[in-house]
Amino acid sequence: MEKFICVHGHFYQPPRENPWLETVELQDSAYPYHDWDERICFQCYAPNARARLLDGDGRIDKIVSNYSRMSFNFGPTLLSWMKEKQPDIHQAIVEADKKSRERFSGHGSAIAQAYNHIILPLANTRDKHTQVIWGILDFESRFGRKPEGMWLPETAADNETLDVLAQHGIKFTILSPYQASRVRPLDGNGDWQDVNGAKVNPKEPYLVKLPEGRSIVVFFYDAPVSQAVAFEKLLTNGESFAGRLLGAFDPNLEGAQLVHIGTDGESYGHHFQYGDMALAFALHKIETSDDSKLTVYAEYLEKHPPTHEAEIHQGSAWSCSHGVGRWKEDCGCCSGGHEGWTQKWRAPLRQAMDWLRDQLTPLYEAKGKEFLKDPWSARDDYISIILDRSPETINEFFQKHGARELSEAEKIIAMRLLEMQRHAMLMYTSCGWFFDEISGIETTQVIQYAARALQLAAELGGENLEPHFVEILEQAKSNIPENQNGRVVYERFVKPAIMTRETVAAHYAISSLFESYPAEAKIYAYTVTQEDRQLWTAGAARLAVGRIKVTFDITRNSDIITYGVLYMGEHHLNCGVRHFESQEKYDALANEARAAFERADFPEAIRVLDRHFGESHYSLKNLFRDEQNKVLNQILGATRDDIYNTYKSLTDRYSPLAQFLNNIHAPPLNALAPAAEFVINAELRKQFENGSVDAERIRSLITVANNANATLEKDSLAFVVKRHLDHLSDELYKSPENMDILQRLSNSAALLPILPISVNLWKPQNTYDQLHARVLPEMQKHTDEKSKQWTEKFLTLGENLGFHIQRN
């Protein structure tokens, strides 16, 4: 019996970009990371790119890529974020696929995914095709080859969905065994066998013959082992994980067997800490065993084609026992933990989205035909622009799809139509229905995509669809009394997020008082070009009046906008913006505002802004989240320093008394504890923020904290230490022979055992591993004293970073 094992990881996070800024804004719940994509990236995606294999003493023996030895798919929208924000990790994933082709007979470990995780059985036929086409073309742009397989969001499938995959050249997909209905031998020598309830043999592939005459191969994963990964803490021990996989073969079956599991990729490090290491150990153990062989689906399929055909349940998925009810009704599937909550809101939410999609279709078709030869073919190809918004790509697109030679203004209209369609698909991202409450961040996100589509439709001359859309949403009842229903959720959480170019102009005007912008500034998905700017200052107070051109880079449409902003210190700020009208009115604004400001008559300056800008009022509340956080940190910097100095003075004065009371076992000076904790945490952070640490001072602070039973802000401190070590690692990588940097990094790493925190050492350990392979052998060839010192310090650094170091 030939034994093969394949571990598949579905790596996916929903798109979190602000639909108007095209970027993920600061998310407080992901603290100390910037947002959840970044947090999960460093907990899961990065560790699996360079996973640790440990020796018997728990020290790093080897660093390997899990991706190159498993089967995996990444959500295209997640990879888009990663390529921009974490390009080295994106590249490591791409390189792992290349490496896997050497291991698996020319077949890569990566498979594609339908673009933005729409539940395809609930999508119309046109959207099914576009989602699959976008997923394929996105894959090809990253991995440089055609995908052989495709992951279906939530493994949701029906015959039409499978037929769409087959039409576009996809050879196989992966489904839950509970989605199998019946099977029979392909040679015709056997009747259909009922396999409901996951009774299908998951150790072989099946051919699904489709009504239109096409076919596709389906692999039904091993449910018990997959569920053990997700729910039974199998990843707490790599040995147990390997044993479970190796023990899943059926000794009573003849011929080749494939044990394979379908798992949530975030299990390997995010849901289960060190799950990446358990996976690395299991893959290594299987790879080095004589009993079985690692493979990927495409390789196995080439060598062991199906001998049976299968039929599947129509409209079924891996995370809903009611078919696909979880994404359209109150089927009973939920996250749990909220007694009495229902998901009756799902049906009206789906109804609202379907209604909006169907209202946008005739607008897109009618107006699109003015500019595009075939609007739907153009939408299928629009992924080329999403992946590369350069003028060259845009021009090539319109040369191919333009109904004629289009003017720049006509191209802008066509791009807005295509963007309307993009957001009409993004609003169906599955996470909007998956969880328990309509006001949750995932559902709010998909409603924001709908709001962006509504906005674009109105700008393109369509009727105002918003009133009826929110009328349908009103039928979606919230489980949280104050949020009432979908209309209230829309008014409270979605409408305030809607942006215009005036909103961007206000952000630019306000933030320009706190940072210096170049003449042409990039602000997320916008380019702001300064046409005129006048600035006056008086102490902390500042007044700026200007005229700017704001261009939305996605569609290239632009406006000229005038602004005026008055800052009076602390958080007191008043700003107005409006479309530019005339030079005469602009000059009047500047002259009147300046005159009032130079007299220090701030109330009159505000009245001037009111006269010229009317109801257009903006403040620090209107800054985009990241810039708002930065500006507030500037404003609060002096306040924090005052608090620190006051607390420091108190602790310096009364710490000896507190120590004396402790020594004689008298009641402690409890009133001093908050001040002491504040100072200790602040000083520890400063040590690592300054770039060069004082080891003795840190040891002293930790001792004081322990004696005082002070609570350390562990997450914040761990993040600061990580950033400090990452910075030194980058410096060492650029200048590996620099003894000073090497010593500083080693000294900082030596402090890790005394810090009561867990620090993410992914980058410094990776840097060390690379330098160990590239630089250490060269240094060891030399016998001069400097090379010997460097070698000794480098090996010591390895020990401090947790490596198994062999000294000669």
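The values are calculated or read from the model by the stated rules, or taken from the named source; none is laboratory data. This is a predicted model, so every value here is computed, not measured. Please note: Cβ atoms are built from the backbone with ideal geometry, for glycine as well, and neighbour counts cover all protein chains shown. Surface accessibility is based on the protein's heavy atoms, side chains included, excluding ligands, DNA and RNA. Shrake-Rupley method; radii C 1.70, N 1.55, O 1.52, S 1.80 Å.
Brief remarks on what is shown
- For residue 146: the one exception among (1) part of a loop (DSSP other than H, G, I, E, B); (2) surrounded by 18 or more Cβ atoms within 10 Å (Cβ to Cβ); (3) among the basic types (Lys, Arg); (4) in contact with a helix residue (DSSP H, G or I) (Cβ under 8 Å, 6 or more places away or on another chain): (2)
- In the stretch 1-107, counting only helices (runs of 4 or more DSSP H) that sit wholly within it, the ones holding 1 or more residues that are touching an Asp or Glu at 6+ places or on another chain (Cβ under 9 Å), open to solvent by 30 Å² or more (accessible area, probe 1.4 Å) and within 28 Å of residue 431 (Cβ to Cβ) span 76-85.
- Counted residues, the stretch 549-581 - those being open to solvent by 30 Å² or more (accessible area, probe 1.4 Å) and part of a loop (DSSP other than H, G, I, E, B): 8
- Checked against (1) buried (at least 19 other Cβ atoms within 10 Å of the Cβ); (2) of a type in the set (A, V, I, L, M); (3) more than 22 Å from residue 257 (Cα to Cα), residue 229 passes all but condition (3).
- Looking across the stretch 108-126, just one residue is hydroxyl-bearing (Ser, Thr, Tyr) and open to solvent by less than 10 Å² (accessible area, probe 1.4 Å), and that is 109.
- Complete set of residues in the stretch 102-154 that are on the phi > 0 side of the Ramachandran plot and more than 21 Å from the chain's Cα centre (by Cα): 105, 106, 144
- Complete set of residues in the stretch 672-697 that are surrounded by fewer than 17 Cβ atoms within 10 Å (Cβ to Cβ) and over 30 Å from residue 742 (Cβ atoms): 673, 674
Listed here are the residues, each with its yes/no results for (1) at pLDDT 90 or above; (2) more than 34 Å from the chain's Cα centre (by Cα).
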| site | (1), (2) |
| --- | --- |
| 593 | yes, yes |
| 596 | yes, yes |
| 600 | yes, yes |
| 603 | yes, yes |
| 613 | yes, yes |
| 617 | no, no |
| 624 | yes, no |
| 642 | no, yes |
| 646 | no, yes |
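- Tallying residues that are among the hydrophobic types (A, V, I, L, M, F, W, C), crowded, with 17+ Cβ neighbours inside 10 Å and closer than 19 Å to residue 136 by Cα within the stretch 371-417 yields 6.
- Scanning the stretch 431-449 for residues that are assigned to a helix (DSSP H, G or I) and either in contact with a Pro (Cβ under 9 Å, 6 or more places away or on another chain) or open to solvent by 10 Å² or more (accessible area, probe 1.4 Å) (or both) yields a count of 10.
- Residue match in the stretch 664-671 (condition: outside any loop (DSSP other than H, G, I, E, B) and open to solvent by less than 60 Å² (accessible area, probe 1.4 Å)): no
- Breaking point among (1) of a type in the set (D, E, K, R); (2) part of a loop (DSSP other than H, G, I, E, B); (3) in contact with an Asp or Glu (Cβ under 7 Å, 6 or more places away or on another chain), for residue 487: (2)
- Scanning the stretch 457-465 for any residue that is surrounded by fewer than 22 Cβ atoms within 10 Å (Cβ to Cβ) and under 23 Å from residue 577 (Cβ atoms) turns up at least one such residue.
- With respect to the conditions (1) over 31 Å from the mean Cα position of the chain (by Cα); (2) farther than 30 Å from residue 62 by Cα; (3) of a type in the set (Lys, Arg), residue 685 falls short on a single one, namely (1).
- Helices (runs of 4 or more DSSP H) within the stretch 703-808 that include 2 or more residues open to solvent by less than 60 Å² (accessible area, probe 1.4 Å) and among the hydroxyl-bearing types (Ser, Thr, Tyr): 714-734, 739-750, 762-774, 785-800
Yes/no per residue for (1) under 34 Å from the mean Cα position of the chain (by Cα); (2) at pLDDT below 95:
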residue: 194; (1), (2): no, no
residue: 202; (1), (2): yes, no
residue: 212; (1), (2): no, yes
residue: 215; (1), (2): no, no
residue: 226; (1), (2): yes, no
residue: 243; (1), (2): yes, no
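- For the stretch 153-179, taking the residues that are touching a helix residue (DSSP H, G or I) at 6+ places or on another chain (Cβ under 6 Å) and open to solvent by 10 Å² or more (accessible area, probe 1.4 Å), the one that is nearest to residue 130 (Cα to Cα) is identified as 168.
- When 203, 209 are checked against the criterion of being open to solvent by 10 Å² or more (accessible area, probe 1.4 Å), in contact with a Phe, Trp or Tyr (Cβ under 9 Å, 6 or more places away or on another chain), touching a residue at least 24 places away in the same chain (Cβ under 8 Å) and basic (Lys, Arg), 203 stands alone in meeting it.
- Within the stretch 293-303, the residues that satisfy the criterion of being outside any strand (DSSP E or B) and either crowded, with 19+ Cβ neighbours inside 10 Å or β-branched (Val, Ile, Thr) (or both) are 295, 296, 297, 298, 299, 300, 301.
- Residue match in the stretch 400-420 (condition: under 30 Å from residue 474 (Cβ atoms), of a type outside the set (D, E, K, R) and modelled with pLDDT of 95 or more): yes
- The stretch 245-268: number of residues that are over 24 Å from residue 45 (Cβ atoms) and either acidic (Asp, Glu) or open to solvent by 10 Å² or more (accessible area, probe 1.4 Å) (or both): 11
Quick grid of which residues meet (1) at pLDDT 95 or above; (2) open to solvent by 10 Å² or more (accessible area, probe 1.4 Å); (3) in contact with a strand residue (DSSP E or B) (Cβ under 8 Å, 6 or more places away or on another chain):
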| residue | (1), (2), (3) |
| --- | --- |
| 325 | yes, no, no |
| 332 | no, yes, no |
| 347 | yes, yes, no |
| 365 | yes, yes, no |
| 369 | yes, yes, no |
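- Residue identified as within 30 Å of residue 726 (Cα to Cα) and of a type in the set (Phe, Trp, Tyr) among 104, 172, 143, 139: 143
- Hits in the stretch 653-688 - residues which are among the charged types (D, E, K, R), at pLDDT below 90 and either touching a Pro at 6+ places or on another chain (Cβ under 6 Å) or within 22 Å of residue 756 (Cβ to Cβ) (or both): 677
- Members of the stretch 524-543 that are in contact with a Ser or Thr (Cβ under 9 Å, 6 or more places away or on another chain), in contact (Cβ under 8 Å) with a residue 24 or more places away in the chain, surrounded by fewer than 19 Cβ atoms within 10 Å (Cβ to Cβ) and of a type in the set (A, V, I, L, M): none
- Qualifying residue in the stretch 230-250 (condition: of a type in the set (Val, Ile, Thr) and over 30 Å from residue 169 (Cβ atoms)): yes
- Residues of the stretch 492-518 that turn out to be more than 26 Å from the chain's Cα centre (by Cα) and open to solvent by 70 Å² or more (accessible area, probe 1.4 Å), as a count: 2
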